[in-house]
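J.: Below you'll find the structure I mean.
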Amino acid sequence: MKHSIKLEYYLAALIVITLLNTFLGEKFSSTTLVSILIAITVTYKGFVVIDHFMELKGANKNLRFLMRLYFVIFPSLIIVSAFY
Amino acid sequence: MKSQPINNSLGIFPKSWSEEHAGRIPGNIPIWVGILSELTEFGIFFAAYFIAKFYYPETFAQGPQSLHTSLGVTNTIVLLSSSYFMAKAMSFIRVNNKIKCERYLWLALSCGVLYLIIKTWEFHWNTLQGFSANTNEFFTVYYYMTFNHFIHVGWASCAILWVIFRLRRGAYSSAEHSGLEALAVYWHMIDLMWILIFPLLYVLR
């Protein structure tokens with residue numbers, strides 16, 4: 001059940017990242033660096049769900065590309081919005 | 001003029017988009033039409049958020065501080081767990097273990113219901129604090145986005161119930177489970193949208 005163990009590992013990573021993001025948002029005023037860190041982690045979380053939970057890794061490459069593109073565009077806007 | 005080769009399943013796509021060339025489509029094509037439509041809908045919400053934040057930076061900097069962050073974090077963990085349970089359900093139907101598959105579907109459904117309860121409590125808590133969709137631009141976007149997401153979790157939870165019913169009737173097996181897989185990818189899409197909504201509304205100042 002190697003695949004299952006991987007799923008548990010990814011779930012733990014996603015929860016830790018969520019808590020880390022919240023800590024960053026709560027403890028630090030929204031600096032550009034914090035926004036960039038949050039944007040990168042959002043992209044990572046999106047990629048994990050797309051590839052390992054949704055199982056698009058190794059499935060249709062066009063669908064995977066579209067889904068991953070979504071998680072590049074909107075986190076990029078988070079970074080852009082940090083410069084408002 | 002050289003004619004374009006077409007996809008066997010719908011006859012409207014180039015051959016390079018076919019499953020033989022691009023890879024297997026999880027679930028079925030109709031659910032992906034639905035998912036891509038939903039992504040467009042939420043994309044409009046996110047665009048509205050960034051435009052509003054550009055015009056009202058102060059309101060959007062203070063908005064997240066008015067929300068109950070713990071409830072937002074809890075709901076994020078609940079939805080991530082639900083996605084995990086859904087992925088486990090898929091792994092068990094592939095080995096024809098219907099009992100464990102059903103068990104994980106119930107766990108995913110429980111997470112969906114828990115999310116709905118927590119979100120309802122959060123809306124109630126906001127009302128007690130005097131916040132509504134008319135409070136300011138941040139709360140307009142907040143209700144616009146989260147209530148829409150709430151509805152999606154609601155009907156997808158009903159869909160899990162339907163899939164459990166079909167599983168019990170023997171509709172799914174290791175050989176044929178495209179309906180179950182279609183629900184699974186839709187559920188993950190809902191989780192993905194929350195992954196974006198959470199930092200925008202609760203974390204970024």
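Every read-out reported here was derived from the displayed coordinates using simple, explicitly stated rules and does not represent laboratory data. A quick note: this is a predicted structure, and the numbers were derived from the prediction, not measured. Every residue, glycine as well, gets a Cβ built from its backbone with ideal geometry; the counts of neighbours run over all protein chains shown.
J.: How big is the Cα convex hull of chain A in projection, averaged over all directions, in nm²?
T.: Mean projected area for chain A: 5.8 nm², to one decimal.
J.: A further question follows. With everything on Cα atoms, drop me the angle between helix B:98-128 and the longest principal axis of chain B, reported from 0 to 90° to the nearest 10.
T.: Its long axis makes an angle of about 20 degrees.
J.: Among the trypsin sites (Lys or Arg not before Pro) in chain A, which ones are in a DSSP loop with at most 14 other Cβ atoms within 10 Å of the Cβ? Mind listing them?
T.: Passing both the DSSP loop test and the Cβ count: A:Lys57.
J.: Top mean-square fluctuation among B:Cys101, B:Cys111, B:Cys158, Gaussian network model of chain B, C-alpha springs under 10 Å?
T.: In this elastic network of chain B, the residue with the biggest mean-square fluctuation among B:Cys101, B:Cys111, B:Cys158 is B:Cys158.
J.: Any chance you could give the angle, 0 to 90 degrees and rounded to 10, that helix A:2-27 forms with the longest Cα principal axis of chain A?
T.: It is inclined by approximately 10 degrees.
J.: Something else: Sort B:Val185, A:Val42 so the one with the fewest other Cβ atoms within 10 Å of its own Cβ comes first.
T.: A:Val42, B:Val185
J.: Moving to a separate point now. Can you figure out the FRET efficiency of B:His124 with B:Ile29, using R₀ = 51 Å and their beta-carbon distance, to the nearest 0.05?
T.: 0.80
J.: Give me a single rounded figure for A:68-77: the average over its residues of other chain Cβ atoms within 10 Å of their Cβ.
T.: Mean shielding count: 3.
J.: Could you work out, residue by residue across B:193-200, how many beta carbons of other chains sit within 10 Å of that residue's beta carbon, and then give the average as an integer?
T.: For this peptide, the per-residue mean of nearby foreign Cβ atoms is 6.
J.: Here's something else I'd like to know. If one computes the Cα centroid of segment A:25-76 and of segment B:161-205, what distance in Å separates the two points?
T.: Measuring centre to centre over Cα atoms gives 18 Å.
J.: What do you get for the angle between helix B:178-198 and the principal long axis of chain B? Use alpha-carbon atoms, 0 to 90 degrees, nearest ten.
T.: 20 degrees
J.: For the pair B:Tyr56 and B:Ile99, what calculated FRET efficiency results from E = 1/(1 + (r/R0)^6), where r is the Cβ-Cβ distance and R0 = 45 Å, to the nearest 0.05?
T.: Computed FRET efficiency for B:Ile99 and B:Tyr56 comes out at 0.30.
J.: On full extension of the chain, what length is gained from B:Thr74 through B:Ile44, given 0.36 nm per residue of separation minus the C-alpha to C-alpha distance?
T.: Working it through step by step, the gained length comes to 8.2 nm.
J.: When only DSSP loop residues count, what GluC sites (Glu not before Pro) in segment B:81-185 have their Cβ near at most 12 other Cβ atoms within 10 Å?
T.: Here the GluC sites (Glu not before Pro) that fit, given the DSSP loop and packing criteria, are B:Glu176.
J.: Based on the Cβ-Cβ distance from B:His21 to A:Tyr44, what FRET efficiency comes out when R0 is 41 Å, to the nearest 0.05?
T.: For R0 = 41 Å, the calculated efficiency reads 0.90.
J.: Looking only at other chains, what is the average number of their beta-carbon atoms within 10 angstrom of each beta-carbon in B:183-192?
T.: 4
J.: I've got another one for you. Would you mind checking the radius of gyration and Dmax of segment B:25-203 based on alpha-carbon positions, in Å?
T.: 17.8, 56
J.: While we're on this one: When you take every Cα atom in the protein assembly as shown, what is the radius of gyration, and what is Dmax, the widest Cα pair distance, in Å?
T.: Looking at the protein assembly as shown, its Cα Rg and Dmax stand at 19.7, 67 Å.
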